[in-house]
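Colleague: Let me begin by handing over the structure; questions about it come next.
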Amino acid sequence: MKRIGMLTSGGDCQALNAAMRGVVKCLSCSGEAVEIYGFLEGYKGLIYGDFRMLTGADFSGILTKGGTILGSSRTPFKLMREPDENGLDKVEAMKQNYYKLKLDCLVILGGNGTHKTANLLRGEGLNVVTLPKTIDNDLWGTDMTFGFQSAVDIATDCIDCIHTTAASHGRIFIVEVMGHKVGWLTLNAGMAGGADIILIPEIPYDINKIIEAINARAERGSKFTIMAVAEGAISKEDAKLSKKEYKEKMKNYPYPSVSYEIADKIQKKTGLDVRVTVPGHTQRGGSPCPYDRVFATRLGAEAGKMILNGEYGFMVGYKNREVIKVPLEEVAGKLKMVSPDATIVQEAKLTGISFGD
């Protein structure tokens, strides 16, 4: 009898359910008896013992369902070693609940912060297998995370829809795409949607370079410009500030987000009409795209195989089109950033896309 705990932590995304289904399908098809304990709302469920027994029926019909049947929450890694408001030791509580249920393994689905805590639990002696979830595609050790392609599709569709209204009115449109620290989502959606300017956190922008790109399009007869801007896009001036200085500046930030600041500066410098569109959490929602359904199922099945083989302490990753296992200690605390010198960035520039640099 295998007793498996399962939880989804951090921001939700498409294909979480598909990935869990892949794990359970693999375990069920092995012929070995299995009990699945689903912890509710991420690490909170593991800390406070909030779980329910899951059966095969719970995983039926969820391949195409977005979100997570277990619920999710953000439990910051930096607070994991701090007692809760009642003095509870969170790490010790997670360990006790693991042992109380006599679990053989924890399957944890999540992004960067989730993997830090998963690695902490591994270091505390628990058997852990993780799956790489995030629309940001910023997890170290894997070429792809599930949820990413679905989010690219949604953000791209938003940019596609903006084209007709931008062309009709001769406006500049900024589409703000999710991504505070890393620009993979904005970069891919911007290229797929035919954006003229793409701004990502890894390449600080110069507002004058942006205006130069807009003016160059106008000189070529283009009456509109589409900009794909990451939430975490940053100007060259702000990029030079220390973390403390930047944090202090943001205390009195007068704009809802960076896109509105950029729009305001463009309008003031050029007099042109600028509009901002923020698709927001729609990028996390809805059904997973076919790619993510297949991808998440593959990763889930491999996680199931690793459990059957007793291979713990790994994230199921994806490199060079092959599913691999990556030691958790190599993943935790690392971000996979977009290099300004990456071939995809250089190729985008070859097609005339400006990065404001």
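The values are calculated or read from the model by the stated rules, or taken from the named source; none is laboratory data. The structure presented is a predicted model; accordingly, all values stated were derived computationally and were not measured. Quick reminder, even Gly has a Cβ in these numbers, built from the backbone with ideal geometry, and neighbours come from all protein chains shown. Side chains included, ligands, DNA and RNA excluded: accessible areas come from the protein's heavy atoms. Shrake-Rupley method; radii C 1.70, N 1.55, O 1.52, S 1.80 Å.
Colleague: With no solvent and one point on each alpha carbon, what is the Debye value of log10 I(q)/I(0) for the chain at q = 0.12 Å⁻¹?
Modeller: Evaluating at q = 0.12 Å⁻¹ gives log10 I(q)/I(0) of -0.88.
Colleague: Another question, then. Equivalent-ellipsoid semi-axes (√(5λ), Cα gyration tensor) for the range 54-165, whole Å, largest first?
Modeller: On the way: eigenvalues 211, 67, 39 Å².
Over the Cα atoms of the range 54-165, the ellipsoid semi-axes are 32, 18, 14 Å.
Colleague: At 4 °C and 1.567 mPa s, what whole-number value in µm²/s does Stokes-Einstein give for the translational diffusion of the range 106-186, with Rh from the Kirkwood sum over Cα pairs? Walk me through the intermediate numbers first.
Modeller: Numbers: Rh = 14.8 Å.
The estimated diffusion coefficient comes to 88 µm²/s.
Colleague: Also, quick follow-up: For the range 307-354 and the range 100-163, what is the separation of their C-alpha centers, rounded to whole Å?
Modeller: If we compute the Cα centre of each part, the gap is 12 Å.
Colleague: Would you kindly work out the equivalent ellipsoid of the range 108-155 from its C-alpha gyration tensor and give its semi-axes, the square roots of five times the eigenvalues, largest first in whole Å?
Modeller: Details: eigenvalues 120, 13, 12 Å².
Gyration-tensor ellipsoid for the range 108-155: 25, 8, 8 Å.
Colleague: Given C-alpha coordinates of the range 1-128, what is the ratio Rg to Rh with the Kirkwood estimate of Rh? Write out the running numbers ahead of the final one.
Modeller: Working: Rg = 14.1 Å, Rh = 14.8 Å.
Checking Rg against Rh, the ratio lands at 0.96.
Colleague: What translational diffusion coefficient, to the nearest whole µm²/s, does the range 38-92 have by Stokes-Einstein, given a Kirkwood radius computed over alpha-carbon pairs, a temperature of 37 °C and 0.692 mPa s viscosity?
Modeller: On the way: Rh = 12.8 Å.
Reported coefficient: 256 µm²/s.
Colleague: Per-residue counts of other Cβ atoms within 10 Å, averaged by peptide: what ranking do you get for 116-126, 35-45, highest first? Don't skip to the end; give the middle numbers.
Modeller: Details: 116-126: 19.5, 35-45: 22.5.
Top of the packing list down: 35-45, 116-126.
Colleague: Which is farthest toward the positive dipole end of the range 220-357 among Ala228, Leu308, Cys289, measuring Cα position about the Cα centre, with Cβ charges +1 (Lys, Arg) and -1 (Asp, Glu)?
Modeller: Ala228
Colleague: From the phi angles alone, apply the Karplus equation (6.51, -1.76, 1.60; θ = phi - 60°) to the range 233-245 and give each ³J(HN,Hα) in whole Hz, x where the residue is Gly or Pro.
Modeller: The phi angles translate into 4, 9, 6, 4, 5, 5, 5, 7, 6, 6, 4, 5, 5 Hz.
Colleague: Can you give the helix-only mean residue ellipticity at 222 nm for the chain, where every DSSP H stretch with n ≥ 4 adds -39500 (n - 2.57) and the sum goes over all residues, rounded to the nearest 500 deg cm²/dmol? Don't jump to the answer; show the numbers that get you there.
Modeller: Numbers: 13 runs with 143 residues, N = 357.
Per the formula, -12000 deg cm²/dmol.
Colleague: Within straight cross-link reach of Lys243, meaning Cα distance under 20 Å, which aspartates and glutamates are found once same-chain residues fewer than 8 apart are removed?
Modeller: Hits, sequence-local ones excluded: Glu202, Asp206, Glu231, Glu261.
Colleague: Semi-axes of the equivalent ellipsoid of the range 218-264: what are they in whole Å, largest first, if each equals the square root of 5 times a C-alpha gyration tensor eigenvalue? List each step's numbers first, then the result.
Modeller: Numbers: eigenvalues 155, 29, 15 Å².
So the equivalent ellipsoid measures 28, 12, 9 Å along its semi-axes.
Colleague: Starting with the highest mean, order 185-195, 228-238, 333-343, 156-166 by the number of other Cβ atoms within 10 Å, averaged over the residues of each peptide.
Modeller: On the way: 185-195: 24.4, 228-238: 21.9, 333-343: 13.4, 156-166: 17.4.
In descending order of packing, they fall as 185-195, 228-238, 156-166, 333-343.
Colleague: When the Karplus curve 6.51 cos²θ - 1.76 cosθ + 1.60 is applied with θ = phi - 60°, which whole-Hz ³J(HN,Hα) does each residue of the range 198-210 get, with x for Gly and Pro?
Modeller: 10, 10, 10, x, 6, 10, x, 9, 10, 4, 5, 5, 5
Colleague: Rg and Dmax of the range 1-66 over Cα atoms: what are they, in angstrom?
Modeller: So, for the range 1-66, Rg and Dmax equal 11.9, 34 Å respectively.
Colleague: Still on this model: No solvent, one uniform scatterer per C-alpha: report log10 I(q)/I(0) for the range 117-253 via the Debye equation at q = 0.10, 0.21 1/Å, two decimals.
Modeller: -0.44, -1.20
Colleague: Also, I was wondering about something else. Can you sort His115, His180 by solvent-accessible area, 1.4 Å probe, largest first? Write out the running numbers ahead of the final one.
Modeller: Details: His115 0, His180 130 Å².
Highest to lowest solvent-accessible surface, that is His180, His115.
Colleague: From largest accessible area down, sort Val276, Val294; use a 1.4 Å probe on the protein chains. Intermediate results must be reported in sequence, preceding the final value.
Modeller: On the way: Val276 35, Val294 90 Å².
Per-residue accessible area, sorted high to low, gives Val294, Val276.
Colleague: Taking the range 245-295 on its own, what percent of its Cα-Cα pair distances exceed 18 Å? If you can, show how the numbers build up before the last one.
Modeller: Working: 727 of 1275 pairs.
Taking all Cα-Cα pairs of the range 245-295, the fraction more than 18 Å apart is 57 percent.
Colleague: While we're on this one: When only alpha-carbon atoms count, how far does the range 212-355 stretch along each of its three principal axes, as whole angstroms with the largest first?
Modeller: Dimensions of the range 212-355 along the principal axes of its Cα atoms: 64, 41, 32 Å.
Colleague: What is the count of Lys pairs in the range 15-107 whose alpha carbons sit under 17 Å apart, if the two are 8 or more places apart or on different chains?
Modeller: Numbers: Lys25/Lys65; Lys44/Lys78; Lys44/Lys90; Lys44/Lys95; Lys44/Lys100; Lys78/Lys90; Lys90/Lys100.
For the range 15-107, qualifying lysine pairs total 7.
Colleague: A further question follows. For Gln14, list long-range residues whose amide hydrogen, built 1.01 Å from N in the peptide plane, is under 5 Å from its own amide hydrogen.
Modeller: Those lying under 5 Å, H to H, from Gln14 are Gly67.
Colleague: Quick one: order Arg81, Arg275 from most to least accessible surface, probe 1.4 Å.
Modeller: Listed by decreasing accessible area, they come as Arg81, Arg275.
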